[in-house]
C-alpha cells in the first residue's frame with residue numbers, strides 16, 4: 001500500500017494539477033493575437049509536401065535464405081563435403097573459370113573484386129558451418145571475425161603427425177602509416193555498416209604481411225575483403241607487389257548454418273610461378289582462416305546462450321534505479 005501511495009504522490013509532484021489547463025489557456029491567448037493574414041501560407045511553401053511522397057520507398061523485407069537460394073545446383077554428396085570442416089575447394093590459373101557460382105539474384109559477387117587485381121592464381125572455398133543448437137545472426141559473424149589475435153593460435157595437422165602454426169603472430173595495427181600493435185576491441189553490441197582495419201600477420205615462412213581489411217554489410221550477410229597495402233618480401237627479395245593479394249570472404253546465416261564462401265587471388269611473375277607449388281601453401285592458409293572463423297562462431301553460440309540464460313538478473317540491473325526510488 002505504501003508503494004502505491006508513493007507512486008501516486010510522485011505523479012502529482014511531477015505533473016501539478018491544473019498545469020495542462022493553464023497551458024491551454026495561455027496558448028488560446030497567444031493564438032487570439034495572430035491575425036488571419038499571418039496564417040495565410042504561400043502556396044510555394046507547402047507544395048513540397050506533395051513532392052515528398054514520390055521519394056518514399058518501402059525497404060525490402062528480410063527473409064532468411066537457404067543454401068540452395070544462394071548456391072543452387074549442388075548434389076547431395078557435394079553438400080555433405082561442403083558441411084565438413086574442409087568444405088569444397090577449387091583452384092585455377094588466370095585463364096580458368098570459377099566453379100562455385102552464386103545465383104544471379106543472390107547479390108553475392110566476389111569474382112569481380114578478385115579479378116580486378118589481375119591475379120595469376122585463384123582458389124575458391126565453400127563451407128557450411130551447421131548451427132550447434134543455436135542460430136546465429138550477422139552480428140555474431142561480425143564478432144567472430146573480430147578475434148584477430150586468436151588467428152595465430154590455429155594449427156595444422158600434418159601427415160607425419162606433427163602440427164604446424166602457419167602464423168607466429170596476428171594483430172591489429174593503428175593504421176597503414178603507424179604500425180604499432182593494438183588489441184582487439186570488445187565484442188560489439190551494434191553492427192557497423194562498414195569498417196576498415198589494418199593488420200599485421202607474421203607468417204612462419206614468408207615473414208611480415210601487412211593487410212588492409214574492409215568489412216561491408218549487405219541485407220543478408222557480410223563481405224570481408226583483405227589486400228596487402230605493402231610489398232611482400234622473402235628474405236631480401238620482393239615476391240609480391242602491394243595491392244596484389246586479394247582475400248575475399250562472404251558469410252551469411254542461412255537456414256542450415258553459416259555459409260562461408262571464399263575467393264582468393266594472388267599475382268606472381270611467371271618465373272616464380274614455375275618454381276613454386278602454390279596450391280598447398282594457399283590452401284593451408286585458407287584452412288587456417290576457415291578454422292579460425294568456425295571457432296569464433298562456436299564461441300558466439302556460447303555467448304548467446306549465456307546472454308539468454310540470465311534474463312532476470314539483467315532486468316533487475318536495468319530497473320535498479322526505479323526500485324531504489326520506490327523503496328525510499
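So how much slack lies between residue 157 and residue 179, counting 0.36 nm per residue of separation and subtracting their Cα-Cα distance, in nm? The partial results should precede the final answer.
Numbers: separation 22, 0.36 × 22 = 7.92 nm, distance 3.16 nm.
Taking residue 157 through residue 179 to full extension adds about 4.8 nm, to one decimal.
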Problem set entry | Cα gyration tensor category, rounded, prolate or oblate, for segment 114-197 with a/c compared to 1.5 | rounded
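Between residue 79 and residue 236, take the C-beta separation as r, use R0 = 45 Å, and let me know the FRET efficiency to the nearest 0.05.
Details: r = 47 Å, r/R0 = 1.05.
For R0 = 45 Å, the calculated efficiency reads 0.45.
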Exercise. Say each of residue 298 and residue 95 gets a label point 7 Å from the Cα, pointing the same way as Cα to Cβ; how far apart are those two points in nm?
Worked result: 4.3
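Counting other C-beta atoms within 10 Å, which of 224, 193 has the fewest, and how do the rest follow?
193, 224
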For this session: Treat the count of other C-beta atoms within 10 Å as a stand-in for reagent exposure and order 255, 79 from fewest to most.
Result: 255, 79
Exercise. Rg and Dmax of segment 67-309, Cα atoms, in Å?
Worked result: 17.7, 59
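How much length is gained if the chain between residue 168 and residue 112 is pulled fully straight, taking 0.36 nm per residue apart and subtracting their Cα-Cα distance, in nm to one decimal?
Numbers: separation 56, 0.36 × 56 = 20.16 nm, distance 3.18 nm.
Extra length available between residue 168 and residue 112 comes to 17.0 nm.
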Problem set entry | Cβ-based exposure ranking for 259, 164, in which fewest neighbours within 10 Å come first | 164, 259
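May I ask for the percentage of alpha-carbon pairs in segment 67-166 that lie more than 23 Å from each other?
Beyond 23 Å sits 46 percent of the P(r) for segment 67-166.
Any read-out appearing in this document is the output of simple, stated calculations on the displayed coordinates, not a laboratory observation. As the structure is a prediction and not an experimental result, all values here were calculated from the model. As a convention, Cβ positions derive from the backbone with ideal geometry for all residues, glycine included, and neighbour counts pool all protein chains shown.
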